[in-house]
Amino acid sequence: MLSDKVSRIVDARAEDPGAIAAAAARRVRASSLFGEHGKAMIIAADHPARGANGAGGDPSAMADRFELLDRLCTALERPGVTGVLGTADILEDLLLLGVLDGKSVFGSMNRAGLAGSLFEIDDRFTGYDAETIAAMRFDGGKMLTRIALDDAATPSALENTAHAVDDLNDRRLIAMIEPFLSSWQDGRIRNDLSPDAVIKSITIASGLGRRTAYTWLKLPVVDDMERVLASSTLPALLLGGEVEDPDAAFASWGRALKLPTARGLVVGRSLLYPSDGDVAGAVDRAVSLL
């Protein structure tokens, strides 16, 4: 990232913190959540706040904030990219850089389930709340909702997600739920990506909250996606996750995007840190699937 951009961010944070709210107030909002292709293409960058800094085999790839912001700026300027998902620190940096005009913006809400921790399922809301998302003129909030039948913290996690869904729906903001059926294996939380497990997570997540008019799902692409996406009428955004075989991943995303409830992609590390280093090329390839 160019030094002048870095200095602009740091100077504003140190000398004029009000510049962040001012940038949010003057930001040109997206006229639609969807691009000309009729789908959403959202770049995700909320992983570091959960201590998940790894990407592409480098355990500290996302820990270099200047490098991450540079890659985000490259991704956001590509044609067809409609929005971004992040925590307050990252979204505020992007506001100060002036790169969010015309983009939909989603705030990441619960990040306390730190990767690899003993309390990973107890994913409390330590990030955005609905009130702040509305005040910042963003479009919605996202919550990771892991359902571990062998962990007594799960009911509280579900209750907290339901409250967030209610708060966002009350403000007519998108509540983006990312559900997984998870379990403890060898001291770590593992997500079950079998079709039946993903279906069960969808049916549970779809029922959270007193209203679902503004509830969307953020779902992994797994086998038998036609049956998986038939388990709810809620709009679904497909997540990328870590990609070992880019050709196979892009092919599976393309097939899933043809299904009626699939309304776009939310992809982070696999586009921001592609194996060949070409961020623009990876993003353009993902957009072409839409």
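The values are calculated or read from the model by the stated rules, or taken from the named source; none is laboratory data. Keep in mind that this is a model prediction, so the values were computed, not measured. When we count neighbours, we look across all protein chains shown, and the Cβ atoms used for this are built from the backbone with ideal geometry, even at glycine. Heavy atoms of the whole protein, side chains included, go into the accessibility calculation; ligands, DNA and RNA do not. Shrake-Rupley method; radii C 1.70, N 1.55, O 1.52, S 1.80 Å.
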Could you calculate, for the stretch 10-169, the ratio of the Cα radius of gyration to the Kirkwood radius, expressed as Rg to Rh?
-> 0.98
Towards the positive end of the charge dipole of the stretch 143-222, with charges on Cβ (+1 Lys, Arg; -1 Asp, Glu), say which of Gln185, Leu219, Leu168 has the farthest Cα.
-> Leu168
Taking only Cα atoms of the chain, radius of gyration then Dmax in Å | 18.0, 54
Under 5 Å from the placed amide H of Leu181, counting only residues 5+ away or on other chains, we find Ile147, Asp192, Ser201
Set Lys and Arg Cβ to +1 and Asp and Glu Cβ to -1, take the dipole of the stretch 1-138 about its Cα centre, and tell me which of Ser32, Gly57, Ile90 lies farthest positive.
-> Ser32
Would you mind checking which residues have amide H under 5 Å from Ile174's amide H? H placed 1.01 Å from N; only 5 or more apart, or other chain.
-> Gly140, Gly141
If you roll a 1.4 Å probe over the heavy atoms of the protein chains, what accessible area per residue do you get for the chain, in Å²?
-> 43
What percent do you get for the relative contact order of the chain when only Cα pairs under 8 Å and 6+ apart count?
-> 18
In square nanometres, what is one fourth of the surface area of the convex hull spanned by the alpha carbons of the stretch 36-86?
-> 3.8
Formal net charge of residues neighbouring Ala213 (Cβ-Cβ distance under 13 Å; K, R +1; D, E -1) | +2
Which number do you get for Rg(Cα) / (2.2 N^0.38 Å) in the stretch 60-122?
-> 1.28
The answer for Lys218, listing residues at least 5 apart or on another chain whose modeled amide H is closer than 5 Å to its amide H, is Ile177, Glu178, Leu237
Summing +1 per Lys or Arg and -1 per Asp or Glu among the other residues with Cβ less than 11 Å from Gly127's Cβ gives 0
Once you have the Cα-Cα distance between Phe66 and Asp150, take 0.36 nm times their residue separation minus that, and quote the gain in nm to one decimal.
-> 26.3 nm
Distance (nanometres) between label positions extended 7 Å along Cα→Cβ at Thr132 and Val28 = 2.8
So what are the radius of gyration and Dmax for the Cα set of the stretch 151-290, in Å?
-> 15.8, 45
Over the stretch 11-67, what is the mean sequence separation of C-alpha contacts under 8 Å (at least six apart), divided by residue count, expressed as relative contact order in percent?
-> 14
Please report, in debye to the nearest 20, how large the charge dipole of the chain is about its Cα centre when each Lys and Arg carries +1 at its beta carbon and each Asp and Glu carries -1 there.
-> 940
Give the angle, between 0 and 90 degrees and rounded to the nearest 10, that separates the Cα long axis of helix 279-288 from the longest principal axis of the Cα atoms of the chain.
-> 50
Eigenvalues of the alpha-carbon gyration tensor of the stretch 124-190, times 5 and square-rooted, give semi-axes in Å, largest first, of 27, 11, 9
Helix 154-170 sits at what angle to the longest principal axis of the chain, using alpha carbons and giving 0 to 90 degrees rounded to 10?
-> 60
